[in-house]
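Contents: one structure, followed by commentary.
The values are calculated or read from the model by the stated rules, or taken from the named source; none is laboratory data. Just so we're clear, the structure is a prediction, and the values are computed from it rather than from any experiment. Virtual Cβ from ideal backbone geometry, glycine too; neighbours counted across all protein chains shown. Protein only, heavy atoms only, side chains kept; ligands, DNA and RNA dropped before computing areas. Shrake-Rupley method; radii C 1.70, N 1.55, O 1.52, S 1.80 Å.
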Amino acid sequence: GQNIDQPTEMTATEGAIVQINCTYQTSGFNGLFWYQQHAGEAPTFLSYNVLDGLEEKGRFSSFLSRSKGYSYLLLKELQMKDSASYLCAVITDSWGKFQFGAGTQVVVTP
Amino acid sequence: GAVVSQHPSRVICKSGTSVKIECRSLDFQATTMFWYRQFPKQSLMLMATSNEGSKATYEQGVEKDKFLINHASLTLSTLTVTSAHPEDSSFYICSAPKEVGSGDPTDTQYFGPGTRLTVL
């Protein structure tokens, strides 16, 4: 079966750094994505990793270790607008067919 | 601007009625679209893959006779929830793969804005 695990909720202070971990066990692997989702809205693309290592995009970075089935999303210089759910998703076979984790609700406090 | 639209954005219906949700690709053709369902505070669960001109492929546990999918053209897929019940109340989202060469190559999907279904 497919299994993608991430913490349910994390709280951090404005300006701080938060790291959201994701572990996965899937029958196939064609890439790992991170999405941001505000309540009642569609997910917004943040990052994509298919090779091991770190990808940096502004305040957001994502890391992948395929041998460990592990990824993390790093959010730096947290802003209040970063309060949202962050979804880890793996493409397991055909392009576009995602398996999503349950999402991590990040709460940013003043 | 939005490249995948959904209609309606919100719908409230009585138990036992059927509801149709449309997913349209704007200015591009989508031979494949995906339908997801999301319950409150849960993740997106893939329901089915919609294929233009052929039958949809349903994920395990999804009743194909209850969730009818029709992909009649290269820009439109519809999801009909038949004989809806309160447990079908959820957020339904569609997505379509991006065209090769458009925008960020690592962002592979256009997601629709979602449809909030409430069954009374």
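A few notes on this one:
- For the cross-link pairs A:K81/B:K98; A:K97/B:K55; A:K81/B:K14, the ones whose C-alpha atoms lie over 25 Å apart are A:K81/B:K98; A:K81/B:K14.
- Residue separation of B:F39 and B:D27 scaled by 0.36 nm, minus their Cα-Cα distance, works out to 1.3 nm of gained length.
- Of all accessible heavy-atom area on the protein assembly as shown, the percent that carbon and sulfur account for (1.4 Å): 50
- Other residues with beta-carbon under 15 Å from the beta-carbon of B:S9 carry, at +1 per Lys or Arg and -1 per Asp or Glu, a net charge of +2.
- Simple label model, 7 Å out from Cα along Cβ direction - A:V107 to B:S15, nm: 3.4
- Absence of a disulfide-compatible partner, taken as no other cysteine beta carbon within less than 4.7 angstrom, is noted in chain B for B:C13.
- Surrounding net charge for A:E41, when Lys and Arg each add one and Asp and Glu each subtract one, Cβ distance under 14 Å: +3
- Size of the A/B contact, given as accessible area buried on both chains, probe 1.4 Å, in Å²: 1600
- Rolling a 1.4 Å probe over the protein heavy atoms leaves B:M47 with an accessible area of roughly 10 Å².
- Scaling the Cα radius of gyration of chain A by the globular reference 2.2 N^0.38 Å produces a ratio of 1.01.
- Annotation: average projected area of the protein assembly as shown is 12.7 square nanometres, based on the convex hull of Cα atoms across all directions.
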